[in-house]
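Down below is the structure, laid out as structure tokens.
The values are calculated or read from the model by the stated rules, or taken from the named source; none is laboratory data. Quantities reported herein were computed from a predicted structural model and do not represent experimental measurements. Cβ: placed from backbone, ideal geometry, glycine included. Neighbour counts: every protein chain shown.
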Amino acid sequence: MTKNPEDLIILGIESSCDETAAAVVKGGREVLSNVIYSQIDIHTLYGGVVPEIASRKHIEKVDAVIKKAISDSNLTLEDIDVIAVTCGPGLVGPLLVGVSAAKGLSYAAKKPLVGVNHIEGHIAANYIEHPDLKPPFLSLVVSGGHTHLIQVKDYINYEIYGFTRDDAAGEAFDKVARAIGLGYPGGPKINKVSKEGNPFAYDFPRAKTDGSQYDFSFSGVKSAVLNFLNASKMKGEDINVPDVAASFQQAVIEVLVEHTIKCAKNLGENMVAIAGGVASNTALRELFLKRGKEEGIEIIYPSPVYCTDNAVMIACQGYYRYINGFSADLSLNATANLKIGDSI
């Protein structure tokens with residue numbers, strides 16, 4: 001007997017960077033379990049993610065994380081209907097660990113396999129806590145590796161309207177945090193210390209790009225902060241870290257919000273879903289809500305646990321890919337530079 005789509009049980013596996021994650025989701029929206037093993041403490045020692053170390057840790061933890069996710073769901077592997085796994089973009093070594101584990105499970109348990117684009121997964125995180133959310137809507141995906149402005153036409157079709165020409169927003173946060181002595185991971189630490197600073201103490205640049213009114217560029221503001229720090233050091237001037245952090249953060253979030261609001265208005269979209277690790281930034285959320293209210297645009301976002309890398313979002317997007325006829329065979333591979341819309 002064929003199951004109703006809302007009863008399908010999806011096991012999601014995520015290992016694109018430094019989190020080993022597995023989750024079980026029913027019907028694309030109901031979370032039955034969510035397990036995340038984070039390597040942040042390890043990579044903090046090095047000031048950023050070391051791909052080789054990340055890969056080894058994924059190998060050590062992936063089986064235990066998957067088993068716990070299934071156990072926490074109060075189900076068994078036999079109850080799982082589909083296995084969904086991140087196959088890109090990301091670090092190729094870590095990706096290969098998750099893809100290999102998923103293919104092994106798929107083969108051994110005779111379960112359908114679905115490859116998922118990590119960026120699409122971030123967008124899908126919004127479906128979990130906003131059960132009435134349905135495409136079309138506009139989404140800003142902003143994380144350590146990605147800054148994309150995407151129109152979600154339906155659950156599996158997208159159109160990109162803007163992207164970063166250089167550094168991703170989260171990458172710029174990490175580099176500035178390192179420069180002002182906050183360490184890794186930069187995003188949460190800048191978010192925290194900025195609450196003690198004046199966001200208008202320094203006028204760091206808001207970049208505009210040629211050719212697209214919606215594209216982003218964050219290398220300029222990063223360089224402006226580094227130049228300011230170097231000049232202050234050469235002059236022997238004290239640096240007010242909270243003010244620098246808050247002013248840098250303000251420069252980044254203003255660009256993110258204004259480009260997104262402008263795109264939504266021009267497309268006639270009255271709903272914006274933000275996603276990705278930087279979507280948990282409190283100043284970004286506050287500015288989005290303020291501008292959204294002014295322009296009559298509803299702003300939504302997931303809880304912080306679903307903003308950072310997790311397998312719930314992969315299971316959710318895997319569900320929508322599967323019910324729309326997409327599946328993979330054992331030739332599925334990791335693709336470090338996988339793009340939105342690429343075939344999987």
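Looking only at strands (runs of 3 or more DSSP E) that lie completely in segment 102-161, which have at least 2 residues being touching a Pro at 6+ places or on another chain (Cβ under 6 Å) and farther than 19 Å from Val305 by Cβ?
Filter on segment 102-161 gives 147-154.
For every residue, the table says whether it meets (1) within 14 Å of the chain's Cα centre (by Cα); (2) among the hydroxyl-bearing types (Ser, Thr, Tyr); (3) closer than 21 Å to Ala264 by Cα.
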{"position": "Tyr107", "(1), (2), (3)": "no, yes, no"}
{"position": "Ile119", "(1), (2), (3)": "yes, no, yes"}
{"position": "Lys134", "(1), (2), (3)": "no, no, yes"}
{"position": "Phe137", "(1), (2), (3)": "no, no, yes"}
{"position": "Val141", "(1), (2), (3)": "yes, no, yes"}
{"position": "Leu149", "(1), (2), (3)": "yes, no, yes"}
{"position": "Thr164", "(1), (2), (3)": "no, yes, yes"}
{"position": "Arg178", "(1), (2), (3)": "no, no, no"}
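Test Ala172 against the stated conditions and say whether it is under 30 Å from Met271 (Cα atoms), touching a residue at least 24 places away in the same chain (Cβ under 8 Å), in contact with a helix residue (DSSP H, G or I) (Cβ under 6 Å, 6 or more places away or on another chain) and not assigned by TED's automatic domain parsing to the domain that holds Met313.
Against the criterion (under 30 Å from Met271 (Cα atoms), touching a residue at least 24 places away in the same chain (Cβ under 8 Å), in contact with a helix residue (DSSP H, G or I) (Cβ under 6 Å, 6 or more places away or on another chain) and not assigned by TED's automatic domain parsing to the domain that holds Met313), Ala172 qualifies.
List the number of the failed condition for Asp41; all other conditions in (1) under 19 Å from Ala334 (Cα atoms); (2) at pLDDT below 95; (3) more than 16 Å from the chain's Cα centre (by Cα) hold.
Among (1) under 19 Å from Ala334 (Cα atoms); (2) at pLDDT below 95; (3) more than 16 Å from the chain's Cα centre (by Cα), Asp41 violates only (1).
Farther than 19 Å from Ala102 by Cα, touching a Phe, Trp or Tyr at 6+ places or on another chain (Cβ under 6 Å) and without any contact (Cβ under 8 Å) to a residue 40 or more places away in the chain: is that true of Ile299 in this structure?
Against the criterion (farther than 19 Å from Ala102 by Cα, touching a Phe, Trp or Tyr at 6+ places or on another chain (Cβ under 6 Å) and without any contact (Cβ under 8 Å) to a residue 40 or more places away in the chain), Ile299 qualifies.
Just checking, which of Ile70, Ile36, Ile42, Ile80 is over 24 Å from Asn337 (Cβ atoms), touching a residue at least 12 places away in the same chain (Cβ under 8 Å) and surrounded by fewer than 17 Cβ atoms within 10 Å (Cβ to Cβ)?
Of Ile70, Ile36, Ile42, Ile80, the one residue that is over 24 Å from Asn337 (Cβ atoms), touching a residue at least 12 places away in the same chain (Cβ under 8 Å) and surrounded by fewer than 17 Cβ atoms within 10 Å (Cβ to Cβ) is Ile42.
Go through Leu96, Leu75 for me and flag whichever is in contact with a helix residue (DSSP H, G or I) (Cβ under 8 Å, 6 or more places away or on another chain) and crowded, with 17+ Cβ neighbours inside 10 Å.
Result: Leu96 is the single residue among Leu96, Leu75 that is in contact with a helix residue (DSSP H, G or I) (Cβ under 8 Å, 6 or more places away or on another chain) and crowded, with 17+ Cβ neighbours inside 10 Å.
For segment 50-83, enumerate the residues that are assigned to a loop (DSSP other than H, G, I, E, B) and either in contact with a Lys or Arg (Cβ under 9 Å, 6 or more places away or on another chain) or of a type in the set (D, E, K, R) (or both).
Within segment 50-83, Ser73, Ile80, Asp81 meet the criteria.
Looking only at segment 110-139, which residues are under 30 Å from Ile53 (Cβ atoms) and either polar (S, T, N, Q) or surrounded by fewer than 18 Cβ atoms within 10 Å (Cβ to Cβ) (or both)?
Passing the criteria: only Asn117.
For residues in segment 313-329 being closer than 21 Å to Ile70 by Cβ and in contact with a helix residue (DSSP H, G or I) (Cβ under 6 Å, 6 or more places away or on another chain), which is surrounded by the most Cβ atoms within 10 Å (Cβ to Cβ)?
In this case the residue turns out to be Ile314.
So which of Thr209, Thr164 is assigned by TED's automatic domain parsing to the domain that holds Ser143, at pLDDT below 95, among the β-branched types (Val, Ile, Thr) and surrounded by 19 or more Cβ atoms within 10 Å (Cβ to Cβ)?
When all the criteria are applied, what remains is Thr164.
Residue by residue, here is whether (1) in the same structural domain as Ser212 (by TED's automatic domain parsing); (2) under 30 Å from His58 (Cβ atoms); (3) modelled with pLDDT under 95 holds:
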site	(1), (2), (3)
Val244	yes, no, no
Gln249	yes, no, no
Lys262	yes, no, no
Leu284	yes, yes, no
Phe288	yes, no, no
Gly292	yes, no, no
Ile299	yes, no, no
Ala311	no, yes, no
Cys316	no, yes, no
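State whether one or more residues within segment 261-271 are surrounded by fewer than 24 Cβ atoms within 10 Å (Cβ to Cβ), farther than 21 Å from Asn34 by Cβ and in contact with a helix residue (DSSP H, G or I) (Cβ under 7 Å, 6 or more places away or on another chain).
yes
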